[in-house]
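Enquirer: For reference, the structure I am asking about is given below.
Computed from the coordinates by the stated procedures, all read-outs in this text should not be read as laboratory data. Everything quoted here is computed from the prediction, not taken from an experiment. All Cβ positions, even for glycine, are placed from backbone atoms using ideal geometry, and neighbour counts span all protein chains on display.
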Amino acid sequence: MRLIVACAIAAPCASAQEKPSFVLRPGDVVKVLVWRENDMSGDFKVDEAGQLVLPLIGPRIVTHTGWEILRDSLLESYARQLKNPSVVLTPLRLILVLGEVTKPGPVLLDPTMTFASAVAIAGGTNIQGDLRRVRIVRDGRTIVKQAPVDSLIFRADVRSGDQVYVDRFSWFERNSAFMASVALSWFERNSAFMASVALSLTGILISILRR
């Protein structure tokens, strides 16, 4: 009986370990909002050493702890320092949006934002950008080879360090309208000549068939 109880208690722990929460990385930001304490509120960046420095709490290494555990630990620290504190902690994950966007570079996303949000924050595409060709690279591996941006609207599985690339239109797609107009213009200018050639070929074919 004791063994059965021990297994029942251990099972949720094993399940929790199978799906660890995300971990902050250097460059990420923790947004702190402390009610009626403006000097303790703000955006605080994780430095290159993986350290986060918060007012009242001080420095803390945060790059080895899952977010939920870290958040609860920070809230406990605030509870020890403040009387009846009202604290909201929001992780902002740093990713890169590159390629044919208006404002390429780093973007901070909160947990409600998706990969499509990142493209929007980067100002959308420039004149050469193709929203049907979005790639996502994670830790050097392409996890989305090519997808339209509207298919990423509900993809919130963003991780710190992800890279979003918006590719450009192919040369043919960029110039298809021009090529079509050139072809149409050529046919318009040479329609009489083409008609006479067609008639001549028809006459030659008829002559050959009559022999």
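Enquirer: Collect residues whose amide H, placed 1.01 Å from N in the peptide plane, falls under 5 Å from the amide H of LEU92; neighbours closer than 5 in sequence don't count.
Expert: Under 5 Å from the amide H of LEU92 lie the amide H atoms of VAL29, VAL30, LYS31, each far enough along the sequence or on another chain.
Enquirer: Stretched out fully, how many nm does the piece from GLN163 to THR142 gain, at 0.36 nm a residue minus the Cα gap?
Expert: Extra length from GLN163 to THR142 when fully extended: 6.6 nm.
Enquirer: Decide, for the range 21-92, between rounded, prolate and oblate: order the square roots of the alpha carbon gyration tensor eigenvalues as a ≥ b ≥ c, take rounded if a/c falls under 1.5, and otherwise choose prolate if a/b is larger than b/c, else oblate.
Expert: prolate
Enquirer: Now for a separate question. Would you calculate the separation in nanometres between label points at ASN38 and THR102, each defined as 7 Å from the Cα along the Cα-to-beta-carbon direction?
Expert: Here the answer is 3.1 nm between the modelled labels.
Enquirer: Out of the chymotrypsin sites (Phe, Trp or Tyr not before Pro) in the range 69-173, which ones are loop residues according to DSSP with at most 12 other C-beta atoms within 10 Å?
Expert: Hits after loop and neighbour filter: PHE154.
Enquirer: Moving to a separate point now. For an R0 of 30 angstrom, estimate the FRET efficiency from the Cβ-Cβ distance between ALA79 and SER151 and round to the nearest 0.05.
Expert: 0.10
Enquirer: Can I ask one more? So if each residue of separation counts as 0.36 nm, and I subtract the Cα-Cα distance between LYS45 and HIS64, what length gain in nm does that give?
Expert: Extra length available between LYS45 and HIS64 comes to 5.3 nm.
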